[in-house]
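The structure under discussion appears below in the form of structure tokens.
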Amino acid sequence: MTMPSATIRLQTPDDQQALLYLNECAFGPGRFARTAYRVRERAARDPLLNFCMELDGEIVGALDLTPISVGGVPGALLLGPLIVSGDHQSNGLGLRLMLYGLKQAKDLGYRLVILVGDLPYYVRAGFRPIPLGRLELPGPVDPARLLYAELVPGALEEYSGLIRGMRELSDLGQSAPALAEDAA
């Protein structure tokens, strides 16, 4: 399969309308009630971990990685949303965007990435099911859809407990998780 030539870049404020449209088309208004969305909405955004994909000058995809703590331990990310516009799906763009984001996250010193999604899709990027009871989100989630990928081998062993969005980012390096977490 040949992937279309697309460019991945950091999101800018000028992209917000196009990104809102992609989100609405992909997930509809129900997205606001999802547990993962609730974690993201209260978390600090790391501007170095929010990407969009352009093809012929049009934004056709997006990926956000949100800094989280797990059981109070920073250094992890919540992947999502990952969006590819309907007319560009099934040609590898989502996988390419995800792999790019995971590499950037690793380069920035993050250790673990969590997501809520379908294993058959995300296994291609190295995601696996989280052992039952090890991590929890502050709301309902099908445990079979709670997945992880280690950016550092053995990182999952460092994490257990409740996932919360990070409220602040530290100045360590270009980007890194801070110790302050969302207490809500």
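The values are calculated or read from the model by the stated rules, or taken from the named source; none is laboratory data. Not measured: the values here are computed from a predicted model. Note that each Cβ is placed from the backbone with ideal geometry, even for glycine, and that neighbours are counted across all protein chains shown. In case anyone asks, the SASA skips ligands and DNA or RNA and just uses the protein heavy atoms, side chains included. Shrake-Rupley method; radii C 1.70, N 1.55, O 1.52, S 1.80 Å.
Evaluate the Kirkwood expression for the hydrodynamic radius of segment 68-152, namely the inverse of the mean inverse distance over all pairs of different C-alpha atoms, and round to one decimal in Å.
13.6
Sorted by accessible area (1.4 Å probe), largest first, how do Asp46, Asp64, Asp118 line up?
Result of the area sort, largest leading: Asp118, Asp64, Asp46.
To the nearest 20 Debye, how big is the dipole of segment 50-121 about its Cα centre, given +1 on the beta carbon of each Lys and Arg and -1 on that of each Asp and Glu? Please list the in-between numbers first.
Details: 4 positive and 7 negative charges, 90 e Å.
With Lys and Arg at +1 and Asp and Glu at -1, about 440 debye.
Carbon and sulfur: what percent of segment 5-145's accessible surface (1.4 Å probe)?
Of all accessible area on segment 5-145, carbon and sulfur atoms account for 54 percent.
Is the shape of segment 32-99 best called rounded, prolate or oblate, per the rule: a/c under 1.5 gives rounded, else a/b larger than b/c gives prolate, else oblate, with a ≥ b ≥ c the square roots of the Cα gyration tensor eigenvalues?
Since a/c reaches 1.5 and a/b is larger than b/c, the shape of segment 32-99 is classed as prolate.
Sorted by average packing, counted as other Cβ atoms within 10 angstrom per residue and highest first, what order do 7-15, 157-165, 109-117 take?
Output ranking for 7-15, 157-165, 109-117: 109-117, 157-165, 7-15.
Tell me, in nm to one decimal, what length is gained between Thr7 and Lys106 on full extension, where the rule is 0.36 nm per residue of separation less the Cα-Cα distance? The partial results should precede the final answer.
Working: separation 99, 0.36 × 99 = 35.64 nm, distance 2.01 nm.
Result for the pair: 33.6 nm of gain on full extension.
Any chance you could list P(r) for segment 27-170, counting all Cα-Cα pairs in 5 angstrom bins from zero, rounded to whole %?
So the P(r) values, bin by bin, are 2, 10, 20, 24, 22, 14, 6, 2, 0.
Could you report segment 33-173's accessible area per residue, 1.4 Å probe, as an integer in Å²?
45
Can you find, among Gly86, Leu97, Gly161, the residue sitting farthest towards the positive end of the charge dipole of segment 77-166, where Lys and Arg contribute +1 and Asp and Glu -1 at Cβ?
Leu97
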